[in-house]
1. Restricting the search to the stretch B:192-238, which residues are part of a strand (DSSP E or B) and among the aliphatic types (A, V, I, L, M)?
2. Do we find that B:Gly10 is at pLDDT 95 or above and touching a helix residue (DSSP H, G or I) at 6+ places or on another chain (Cβ under 7 Å) in this structure?
3. Which condition from (1) outside the structural domain of A:Thr3 (by TED's automatic domain parsing); (2) modelled with pLDDT under 95; (3) in contact with a Leu (Cβ under 9 Å, 6 or more places away or on another chain); (4) of a type outside the set (Lys, Arg) is the one that A:Gly138 breaks?
4. I need every pair where a residue in the stretch A:1-21 that is more than 12 Å from A:Arg307 (Cα to Cα) and without any contact (Cβ under 8 Å) to a residue 40 or more places away in the chain has its Cβ under 7 Å from the Cβ of a residue that is assigned to a strand (DSSP E or B) and among the polar types (S, T, N, Q), sequence separation at least 6 or different chains.
5. Taking B:Ser113 as the residue in question, decide whether it is part of a helix (DSSP H, G or I), hydroxyl-bearing (Ser, Thr, Tyr) and surrounded by fewer than 24 Cβ atoms within 10 Å (Cβ to Cβ).
6. Does the stretch A:149-159 contain any residue that is within 29 Å of A:Gly38 (Cβ to Cβ) and not in a loop (DSSP other than H, G, I, E, B)?
7. Please indicate, with yes or no, whether at least one residue in the stretch B:6-14 is under 18 Å from B:Glu325 (Cβ atoms), of a type in the set (Gly, Ala, Ser) and either under 20 Å from the mean Cα position of the chain (by Cα) or assigned to a helix (DSSP H, G or I) (or both).
8. Consider B:Val248 carefully, then state whether it is facing another protein chain (nearest Cβ under 9 Å), free of Cβ contacts under 8 Å to residues at least 60 places away in the same chain, over 21 Å from B:Thr105 (Cβ atoms) and part of a helix (DSSP H, G or I).
2 protein chains.
Amino acid sequence: MTTIAVDAMGSDEGVSAIVEGVAQLRAENSELSIVLVGDEKLLTAAMYKQGVRDNDTRIVHAPTTVSMNDKPGAALDAMPNCSILRAAQVVAEGQADALVSAGNTGAVILASSRHFTRLGGVRRVGLAAVHPTMERHGPHDDPFALMLDVGATLQCEAGDLIAFAAMGSAYSQVISGIDDPRVALLSNGTEAIKGTPAIVEAHRALAKRKDINFVGNVEGLDIPRGSVDVVVCEGFVGNIVLKMLEGVGDVARDLAKTAYDTKLRYKIALGMLASGIKKVAALTDWKQYGGAPIVGFDHTVIKAHGRSNGRAIRNAIKVAAKTVERGLTKRIRDHLEAAPKGEA
Amino acid sequence: MTTIAVDAMGSDEGVSAIVEGVAQLRAENSELSIVLVGDEKLLTAAMYKQGVRDNDTRIVHAPTTVSMNDKPGAALDAMPNCSILRAAQVVAEGQADALVSAGNTGAVILASSRHFTRLGGVRRVGLAAVHPTMERHGPHDDPFALMLDVGATLQCEAGDLIAFAAMGSAYSQVISGIDDPRVALLSNGTEAIKGTPAIVEAHRALAKRKDINFVGNVEGLDIPRGSVDVVVCEGFVGNIVLKMLEGVGDVARDLAKTAYDTKLRYKIALGMLASGIKKVAALTDWKQYGGAPIVGFDHTVIKAHGRSNGRAIRNAIKVAAKTVERGLTKRIRDHLEAAPKGEA
């Protein structure tokens with residue numbers, strides 16, 4: 001049986017959203033085994049309240065928590081028994097197969113690096129995220145594409161970008177079921193010579209790879225359109241892009257709301273467009289996606305959004321279980337090992 | 001009288017859009033003096049056709065043109081009499097006050113650097129552009145903000161970012177009429193310690209400046225919202241951001257068109273929303289803005305979009321004239337000289 005360790009304390013919403021996610025899984029008769037790591041009293045009370053029984057949901061007590069505003073390194077040093085370190089330890093010791101946390105991203109990555117091993121060929125891990133696109137992707141017609149890195153590694157060497165391409169391709173195959181995902185580097189032009197030196201070098205190396213369907217560079221224009229399945233960029237750029245898309249969604253909702261508040265004519269028209277607007281809102285609703293994978297460790301780590309509700313936590317746990325059951329780590333390792341010597 | 005030199009050959013639309021822009025200015029009784037640099041025969045024919053007389057519009061013959069796909073350096077070396085080099089020369093020799101071109105951006109920058117001098121404290125010039133925002137800016141309620149660099153300098157040192165902040169602030173004062181423009185660095189978090197080493201260093205230096213209203217870092221979220229007047233970033237990031245916004249506009253138009261084509265209900269609703277949709281389209285319509293200033297030289301250079309129509313060319317020429325009449329170069333020089341020794 002697959003077991004997922006969940007850092008139950010890091011979320012902005014407290015333990016209740018975490019336990020609600022578990023309750024939703026139980027309501028669906030999910031057979032996943034869950035280890036909730038956090039304050040035993042709070043968790044016991046929340047489980048009782050939500051009707052989650054303790055036969056397939058175990059609590060591991062962790063008395064302290066890293067908050068969103070803590071500096072990761074200092075916080076982990078000061079709190080060796082904090083929930084994210086204990087949760088990573090539970091996985092490292094083999095008591096669980098993968099890790100889910102809605103906590104401080106830096107602390108999740110650092111705690112993972114203290115307990116897990118980076119795969120061969122990985123200098124720096126990547127944080128991946130899906131972003132909404134107009135075009136559909138893969139056998140399930142997913143209205144989103146994968147992007148990495150979105151903030152784990154601000155500045156990348158060519159080798160980092162190559163490793164992200166390999167890992168993103170593996171993730172897309174295993175989780176989205178796309179046989180031969182189209183992978184591209186995000187740059188300031190489609191030509192092979194465009195971009196920073198790291199991008200130009202990565203382009204040259206990826207163009208030779210047989211195991212990765214590298215389609216070249218894409219530009220900013222292609223991101224909302226979604227012309228490829230996996231977009232590779234350095235963490236600084238990925239962070240800006242992802243937050244910009246979130247901002248565009250916010251602005252669209254605000255404009256719609258303003259129109260809605262002011263004019264009867266708009267009110268009627270927006271009412272008629274409601275199903276279309278809902279579709280767009282669904283596109284930019286991260287809650288349904290279930291979190292961002294951190295790739296490059298020998299265990300899966302899923303970072304759920306800090307503001308995750310029960311449904312988002314449920315989805316994050318399900319994605320984590322999928323990565324285990326479908327052998328993501330092995331697939332990533334195979335991709336990384338396919339690199340010619342000296343690259344990635 | 002202010003005189004503007006216009007590279008009349010670089011545009012994707014040929015000389016006709018350029019001459020149409022001049023014809024529009026004449027129809028408005030503009031007193032600007034224009035020097036059109038390009039193929040004399042083509043220009044004479046186009047001027048005749050558009051009814052532009054030659055008393056205040058002079059032609060300087062240039063037999064060759066750099067195309068959009070040419071490599072700038074090689075093209076300029078091979079064509080010493082090409083229109084962009086001759087147009088820059090006309091300005092450098094004092095026959096005109098500022099330069100406008102809709103040609104190959106790299107060639108415009110390179111031709112300018114061959115004929116103009118970089119201002120003291122400017123290691124690399126910046127290409128600035130306005131982007132649409134939800135919030136309004138300045139005394140004219142402009143629905144856009146300024147961003148630089150958007151592609152002239154892919155990777156920046158701290159000194160470049162500081163110089164861009166100073167030059168962007170001056171441009172915003174002189175052209176948008178904002179007394180004390182809010183200037184921010186684009187980063188992956190608002191805290192002073194967030195970002196690449198160059199951003200962190202620039203943040204520290206800008207925080208001490210009395211002559212620049214530096215409000216700190218903004219994130220990707222703030223770009224569509226438009227919470228500041230001037231966004232400073234390195235050229236690679238600015239290029240991605242600007243093209244992404246263009247892509248979002250394209251996708252919105254496509255989605256609207258699809259809806260329009262398919263369902264009567266949508267058709268009626270979209271008809272009712274038409275004025276709102278036009279407002280959004282106007283926001284993302286670069287044609288009305290009149291081009292992107294290249295800042296850092298001792299003369300104003302305005303890069304118009306390659307697909308500029310007559311109206312866009314007219315606007316670019318008017319903006320160029322405004323920079324001359326309002327003393328942009330002097331203002332930029334003052335800002336650059338206000339930097340403490342050793343910075344910017």
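The values are calculated or read from the model by the stated rules, or taken from the named source; none is laboratory data. Please read these numbers as outputs of a predicted model, since none were measured by experiment. Neighbour counts run over all protein chains shown; Cβ positions are idealised from the backbone, glycine included.
1. Passing the criteria: B:Val215, B:Val218, B:Val230, B:Val231, B:Val232.
2. Values: at pLDDT 95 or above: no; touching a helix residue (DSSP H, G or I) at 6+ places or on another chain (Cβ under 7 Å): yes.
No: the conditions fail for B:Gly10.
3. Among (1) outside the structural domain of A:Thr3 (by TED's automatic domain parsing); (2) modelled with pLDDT under 95; (3) in contact with a Leu (Cβ under 9 Å, 6 or more places away or on another chain); (4) of a type outside the set (Lys, Arg), the lone unmet condition for A:Gly138 is (3).
4. Listed by first residue and then by second, the contacts come to A:Met1/A:Ser33.
5. On the way: part of a helix (DSSP H, G or I): yes; hydroxyl-bearing (Ser, Thr, Tyr): yes; surrounded by fewer than 24 Cβ atoms within 10 Å (Cβ to Cβ): yes.
Spelling it out, B:Ser113 is indeed part of a helix (DSSP H, G or I), hydroxyl-bearing (Ser, Thr, Tyr) and surrounded by fewer than 24 Cβ atoms within 10 Å (Cβ to Cβ).
6. Going residue by residue through the stretch A:149-159, those that are within 29 Å of A:Gly38 (Cβ to Cβ) are A:149-153.
Checking the rest, the ones that are also not in a loop (DSSP other than H, G, I, E, B) come to none.
There is no residue in the stretch A:149-159 that is within 29 Å of A:Gly38 (Cβ to Cβ) and not in a loop (DSSP other than H, G, I, E, B).
7. No.
8. Numbers: facing another protein chain (nearest Cβ under 9 Å): yes; free of Cβ contacts under 8 Å to residues at least 60 places away in the same chain: yes; over 21 Å from B:Thr105 (Cβ atoms): yes; part of a helix (DSSP H, G or I): yes.
Criteria met by B:Val248.
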